[in-house]
Every structure is written in C-alpha cells, then in structure tokens.
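Before any comments, here is the structure.
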Amino acid sequence: MEELIRKKLNDSAVARWSAMLIVSFTMMCAYFITDVMSPLEVMLTTPVADGGLGWTSSEYGFFSGAYGYINVFLLMLFFGGIILDKCGIRFTGVVSSSLMLGGALIKWYALSTDFGDALFLGYHMQVVVAALGFAIFGVGAEITGITVSKVIIKWFTGHEVALAMGLQVAMARIGTAVALACSLPIAKALHGVSYPVLIGVLCLCIGLVAYLVYCVMDRKLDSSIEMAEGGKEEGFRIKDLKVIFTNKGFWLIALLCLMFYAGVFPFLKFATKLMIAKYQVAPETAGLIPAMLPFGTIFLTPVFGTLYDRIGKGATLMLIGSTMLTAVHLLFAAPVLPVGWFAIVLMVVLGISFSLVPSALWPSVPKIIPMKQLGSAYATIFYIQNIGLSMVPVLIGWVIGSYSTHTDSAGAVMYDYTVPMLIFAIFGLVAIFLSFLLKREDARSHYGLEEANMKK
C-alpha cells in the first residue's frame, strides 16, 4: 500500500506518453501556421495584374520576420518564461494557445481582405496587418513551446526524456512538412492564399481543446507528486534568475541555438523560390523539396533522442549537426550541379543536421538549469532564438532585393542566391565554434552533456 501511495502519475508509461501526445498535437498545429506562408512567396510577390498580391521581396521579409517582433522588442517571450515559472503550466499554456488562435485569425483576415493601395510605414496595409497577426501568433507559439518543453521535462525526467522531446519535435515537424507540401497546391486550387491559413486556424481550435484536456492530467500529476514527496516544491523567485544568467554553459547553448536555427528556419522561408530560381524545379512542386527537411526529422529526431538517452554524447551531436549545416549552405551557394536531384540530396543532409542538434540541445538544458528555473531558462533561449527568427528574414529579403535580383535581356526577373546562402553558412560556422566551446565547458563543469539521460 505504501508503494502505491508513493507512485507518481508519470511513473505510468501510458500516462506520460499520453500527455506528450496531447501537448505535441497542439504544437503540431502551431508549426503548421508558422510555415504555411513559406511556399506562397511566389504568389505573394506576383504582381496583382498577374493574379498575385503584389508584395515586394522586402515586404515578404518584413512579414516573415514579424513572428518574433513582439517577442524580441517587447520582451514578451522572456516575461512569458517568468509567468510560466510563477503561474504554472496550466494557466500559461491556455493563455498562450489562445494568443496563437487570435493571431492566426488576424493573419487570415488580412490575407482575405483587399486593403487597396493603403500604405503604413512604407509597407502595404495588408502586409502590416498580416504581420501584426503573425507577431501576436508568434508570442503565443513561443510561450506554448517553452510550456510544452517544461511539460515534457516534468513528465519524463528519469525516463525517456530525449526520446520524448524528439517525438514532440517530430510531431511539430509534421505540421511544418504538411504546410510546406500542401499550402501552395491548396492556395492554387482554391484561388486564394488565405485558405491554407484558414485551415490552420481550424486546427488551432482543436489544439486549444487538446491542451484543455491535458490540464486535467497535469492537475492529477501534481496531486500524485505531492502525495509521493510529501509537499509542494519551493516556488520560483525572481532572484532565481541569477542561476541562469551567471551560467556559462547556459549562454553557450543559447547562442548555439541562435546561430543554428538562424541557418534553418529563415532558410526555409526562402527555399521554395531558391528551388525554382537555381535548380529549375517547377513552381507547382518546388515546395516539396523543402518539405523533405521536416519529414526527415520526423523519423530521425526520435532516433537521435534515443541515442542521447542511452549513450549520451549530447555536445558531440550538436557539433556534428552544426558542421553538416555549414557544409549544406556552402554547397547551396556554390555554382555546382543546378539540378533538382542535387537540391534533394542537400536537403536530406540538412534534415539529418536538423535532427541531430535539437535532439541533443533541448534535453541538455535541464542538465544545466534546475527545474524551478527551467521555464525562464527555455524562455531566454527562445527569446535569443527569436532575434534570429525575426531579423534574419528581414536581412535575407533585403539582400535578395538589393543584390540578388537581376533582369535579363528579355526583361525577365532572375535571382542569384549565392550571397544569401553564404550568410546562412556563416551562421553555421559560428555554431561549430560554439559547439567546441560547449564541449570544453561541459568537461570542465561536469554538466553531464556527454552522459546518458536514462537512469539505470
């Protein structure tokens, strides 16, 4: 009887994996909306007279970067982490999921409404309203992301934590893959770029309901923990932030996250047009090649997560993945093999890289930062990551518009993606350097990044 009382709900494999699947579904819906516009760049930047929306490359870059504007400039993601640690998983998750839904609705309204030639700050009003919705959605998506990360650590510490995180990432990538593969065909079939976004809005409604179901499970988990451990854990205090900000290993992981993700997600927002311009892929199928990246991670991230759980080598996995990222972007920049099959090969390698690093990076944070500060730690990392997610698309859009766009003798617009790809490769080189430093710091401070996660 005593053993029964001391058993926590997350000791049940069925309970903890059910919780993981529920919150992962919510994140999958979020990732669909995040990338649903990426394959539509061609339709967005096509002149209105030719059936497009008439956005410029700079406007598309401004819109794509809007995801992180509120998070970065108003520090909302950082405050979201503090709210998570202070107010808990249930409150924070419901509020952030609601913000995602509201932002997606604004984005859909903007894309389905004709604002005429009205301008605001030099951008078309439609672009500005869509960017506002994307920015609000970004606040909700990022805070939901750190909440889900803390959910998994809460349920899986001492169990298959890296595998669970890998599967959560894999489900999120399903959302990305479906968005990249299906949004352009849907938009063309229904003759409007707003329809894929509307589908995403409906999915987010289901995702919000799913999270409400999880809240019931979370309450039961808390009760079982209190019974097993004889009381509640000491609460978070603002002064606990010192534990995070004075930790060298934490900053190395945060900066590595910034550089690595700056070389992946912003790249995906321009990858469809790259396939058309450099590799002569038909516009109707160009989005399928970038979609291979998230599809690959669906299978590989859990594999590498299991590897980290059982044998460790987390810092080494991050180093290998960063090296592969750099090599891929250098080859995308090089004037070699401008054919579709070569682009597919590079995307497969990038997919392996994109499986290696996240499968090791996110489960490594709890080895450095205690549980009660974990929400703030993840929020700070996500905040720094959002600097890249918001600023890099603006930079790349400006570079493409200023240095990579040319007109041939027949008046057709041509694109040269060499400079943008070299910028992405630089991010990868910095990530390699940070991985070396992290590996050295782990050996010095004994974080255990090279050790297995599962308890014998």
Original post:
Restricted to the stretch 182-211, and to residues that are without any contact (Cβ under 8 Å) to a residue 12 or more places away in the chain and in a helix (DSSP H, G or I), which residue is surrounded by the fewest Cβ atoms within 10 Å (Cβ to Cβ)?
Top reply: A189
**OP:** Please work out if T272 is over 17 Å from M318 (Cα atoms) and without any contact (Cβ under 8 Å) to a residue 12 or more places away in the chain.
**Re:** no
Original post:
Can you spot a residue in the stretch 3-25 that is polar (S, T, N, Q), within 30 Å of T285 (Cβ to Cβ) and under 25 Å from the mean Cα position of the chain (by Cα)?
Top reply: yes
Original post:
Any idea which of F156, F115, F120 is open to solvent by less than 40 Å² (accessible area, probe 1.4 Å) and not aliphatic (A, V, I, L, M)?
Top reply: F156
**OP:** Sort out which residues of the stretch 48-85 are at positive phi and either free of Cβ contacts under 8 Å to residues at least 60 places away in the same chain or under 16 Å from the mean Cα position of the chain (by Cα) (or both), and write them in order of number.
**Re:** G51
Original post:
Tell me, which residue of the stretch 58-90 that is surrounded by fewer than 23 Cβ atoms within 10 Å (Cβ to Cβ) and among the small types (G, A, S) is farthest from F270 (Cα to Cα)?
Top reply: G88
Subject >> Selection from the stretch 21-31 of residues that are open to solvent by 20 Å² or more (accessible area, probe 1.4 Å) and touching a helix residue (DSSP H, G or I) at 6+ places or on another chain (Cβ under 7 Å) >> reply: I22, F25, M28, Y31
Subject >> The one condition in (1) modelled with pLDDT of 85 or more; (2) touching an Asp or Glu at 6+ places or on another chain (Cβ under 7 Å) that L84 fails to fulfil >> reply: (2)
Original post:
Of all residues in the stretch 45-57, which are open to solvent by 40 Å² or more (accessible area, probe 1.4 Å) and assigned to a helix (DSSP H, G or I)?
Top reply: V48, A49, D50
Original post:
Residue check: is T92 of a type in the set (S, T, N, Q) and under 30 Å from A282 (Cα atoms)?
Top reply: no
Original post:
For the stretch 116-125, does any single residue satisfy the condition of being of a type in the set (D, E, K, R), more than 18 Å from the chain's Cα centre (by Cα) and farther than 30 Å from A360 by Cβ?
Top reply: yes
Original post:
Among the residues of the stretch 223-258, which ones are modelled with pLDDT of 85 or more and open to solvent by 10 Å² or more (accessible area, probe 1.4 Å)?
Top reply: S223, F245, T246, N247, K248, W251, L252, L255, L258
Subject >> Residues (of a type in the set (V, I, T) and either in a helix (DSSP H, G or I) or farther than 23 Å from K150 by Cβ (or both)) located in the stretch 332-383 >> reply: V336, V339, I344, V345, V348, V349, I352, V357, V365, I368, T380, I381
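Just one of V303, V281 is touching a helix residue (DSSP H, G or I) at 6+ places or on another chain (Cβ under 8 Å), open to solvent by 60 Å² or more (accessible area, probe 1.4 Å) and on the phi < 0 side of the Ramachandran plot; which is it? Can you show your working first?
Values: V281 fails: open to solvent by 60 Å² or more (accessible area, probe 1.4 Å).
Sole residue among the options that is touching a helix residue (DSSP H, G or I) at 6+ places or on another chain (Cβ under 8 Å), open to solvent by 60 Å² or more (accessible area, probe 1.4 Å) and on the phi < 0 side of the Ramachandran plot: V303.
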Original post:
Hey, among I400, I352, which residue is surrounded by fewer than 24 Cβ atoms within 10 Å (Cβ to Cβ), under 26 Å from G65 (Cα atoms) and touching a strand residue (DSSP E or B) at 6+ places or on another chain (Cβ under 8 Å)?
Top reply: I400
Original post:
Does V42 fit the bill of being within 17 Å of E142 (Cα to Cα) and either hydrophobic (A, V, I, L, M, F, W, C) or open to solvent by less than 20 Å² (accessible area, probe 1.4 Å) (or both)?
Top reply: no
Original post:
How do the pairs read when you match residues in the stretch 329-340 that are closer than 26 Å to Y261 by Cβ with residues anywhere that are open to solvent by 60 Å² or more (accessible area, probe 1.4 Å) and part of a helix (DSSP H, G or I), using Cβ under 6 Å and keeping only pairs 6 or more apart or on different chains?
Top reply: A333/L422
**OP:** Report, by residue number, each residue of the stretch 8-35 that is assigned to a helix (DSSP H, G or I) and more than 30 Å from G68 (Cβ to Cβ).
**Re:** L9, N10, D11, A13, V14, A15, R16, W17, S18
**OP:** Could you tell me whether L198 is out of contact with any Phe, Trp or Tyr (no Cβ under 7 Å at 6 or more places or on another chain) and hydrophobic (A, V, I, L, M, F, W, C)?
**Re:** no
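If you go through the stretch 419-456, how many residues are under 30 Å from Q280 (Cα atoms), of a type outside the set (A, V, I, L, M) and open to solvent by 50 Å² or more (accessible area, probe 1.4 Å)? Steps first, please.
Here is the first cut: in the stretch 419-456, the ones under 30 Å from Q280 (Cα atoms) are 419-429.
So of that shortlist, the ones also of a type outside the set (A, V, I, L, M) come out as 420, 424, 427-428.
Then keep just the ones that are open to solvent by 50 Å² or more (accessible area, probe 1.4 Å); that gives none.
Matching residues across the stretch 419-456 total 0.
I'd like the full set of residues that are more than 19 Å from G428 (Cβ to Cβ) and open to solvent by less than 10 Å² (accessible area, probe 1.4 Å), limited to the stretch 365-385.
Hits for the stretch 365-385 are V365, I369, Q373, L374, G375, S376, A377, Y378, A379, T380.
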Subject >> Boolean, I106 is in contact with a Gly (Cβ under 6 Å, 6 or more places away or on another chain), of a type outside the set (D, E), modelled with pLDDT of 90 or more and crowded, with 21+ Cβ neighbours inside 10 Å >> reply: no
**OP:** Given the conditions (1) surrounded by 21 or more Cβ atoms within 10 Å (Cβ to Cβ); (2) under 26 Å from F295 (Cα atoms); (3) among the small types (G, A, S), report the number of the one that S18 does not fulfil.
**Re:** (1)
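The values are calculated or read from the model by the stated rules, or taken from the named source; none is laboratory data. What you are looking at is a predicted structure, and each value in this text was computed from that prediction instead of being measured. As a convention, Cβ positions derive from the backbone with ideal geometry for all residues, glycine included, and neighbour counts pool all protein chains shown. Just so you know, the surface numbers come from the protein's heavy atoms only, side chains and all, with ligands and any DNA or RNA stripped out. Shrake-Rupley method; radii C 1.70, N 1.55, O 1.52, S 1.80 Å.
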